[in-house]
1. Given the conditions (1) surrounded by 19 or more Cβ atoms within 10 Å (Cβ to Cβ); (2) assigned to a helix (DSSP H, G or I), report the number of the one that A72 does not fulfil.
2. Given (1) within 16 Å of the ligand (Cβ to nearest atom); (2) among the acidic types (D, E); (3) surrounded by 13 or more Cβ atoms within 10 Å (Cβ to Cβ), where does D132 come up short, assuming only one miss?
3. For the stretch 97-112, indicate whether the set of residues that are among the polar types (S, T, N, Q) and either assigned to a loop (DSSP other than H, G, I, E, B) or free of Cβ contacts under 8 Å to residues at least 12 places away in the same chain (or both) is non-empty.
4. Quick check on D108: is it more than 20 Å from L40 (Cβ to Cβ), within 16 Å of the ligand (Cβ to nearest atom) and buried (at least 18 other Cβ atoms within 10 Å of the Cβ)?
5. Out of (1) open to solvent by 50 Å² or more (accessible area, probe 1.4 Å); (2) of a type outside the set (G, A, S); (3) within 16 Å of the ligand (Cβ to nearest atom); (4) touching a residue at least 40 places away in the same chain (Cβ under 8 Å), the odd one out for V36 is which?
6. Has the stretch 77-96 got at least one residue that is acidic (D, E) and open to solvent by 70 Å² or more (accessible area, probe 1.4 Å)?
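The values are calculated or read from the model by the stated rules, or taken from the named source; none is laboratory data. Remember, it's a predicted structure, so these values are computed and weren't measured experimentally. Heads up, the Cβs are rebuilt from the backbone with ideal geometry, glycines too, and the neighbour counts pull from every protein chain shown. Side chains are part of the model used for accessible areas, which takes the heavy atoms of the whole protein and leaves out ligands, DNA and RNA. Shrake-Rupley method; radii C 1.70, N 1.55, O 1.52, S 1.80 Å.
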Amino acid sequence: MYRYVDAGPAPPATSEATSRVMRRTRRTGTAPELAVRRALHRRGLRYLVDVAPPGTNRRRRVDVLLRGPRIALLVDGCFWHSCPEHGQLPKANREWWRVKLHGVVVRDRDTDAQLTSEGWLVVRVWEHEDPDDVADRITALVSASRAKT
Ligand SMILES: [Zn+2]
């Protein structure tokens, strides 16, 4: 079982950069996510947005859900989800951030496990990825799932 590590209340943002990152953080409907959604829509795919799939913890929401092919798409922010290319610990309050960001990753893996056990194909992409590349990958997965049925 996974355990969500609580880092405690947020320390005050001590640098302009950190407060910018924190301000930019919206759980859903971020610019990269919208770009991916638009790219999927252009390819004729239809989906639900920001939903908790049936059978999973209702607080674990999925950015884009394609019900027919049972694909759960999550667009992960580089900062919050610790992207290997762009994720970095803020210099101030480093230990608090380390625990906090680690907790996010632990929670992500637990969400993946829940979704997978409910029969969803989990696709996580980084917000830095090209939206058209992402949409092409999803389109291929949808075609593959149609071919199976
Ligand atoms: Zn990144």
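1. (2) is the only condition that A72 fails.
2. (1)
3. First, pick out the residues of the stretch 97-112 that are among the polar types (S, T, N, Q): 111.
From what is left, the residues that are either assigned to a loop (DSSP other than H, G, I, E, B) or free of Cβ contacts under 8 Å to residues at least 12 places away in the same chain (or both) are none.
Within the stretch 97-112, not a single residue is among the polar types (S, T, N, Q) and either assigned to a loop (DSSP other than H, G, I, E, B) or free of Cβ contacts under 8 Å to residues at least 12 places away in the same chain (or both).
4. Values: more than 20 Å from L40 (Cβ to Cβ): yes; within 16 Å of the ligand (Cβ to nearest atom): yes; buried (at least 18 other Cβ atoms within 10 Å of the Cβ): yes.
Answer is yes for this residue.
5. (1)
6. Within the stretch 77-96, one or more residues are acidic (D, E) and open to solvent by 70 Å² or more (accessible area, probe 1.4 Å).
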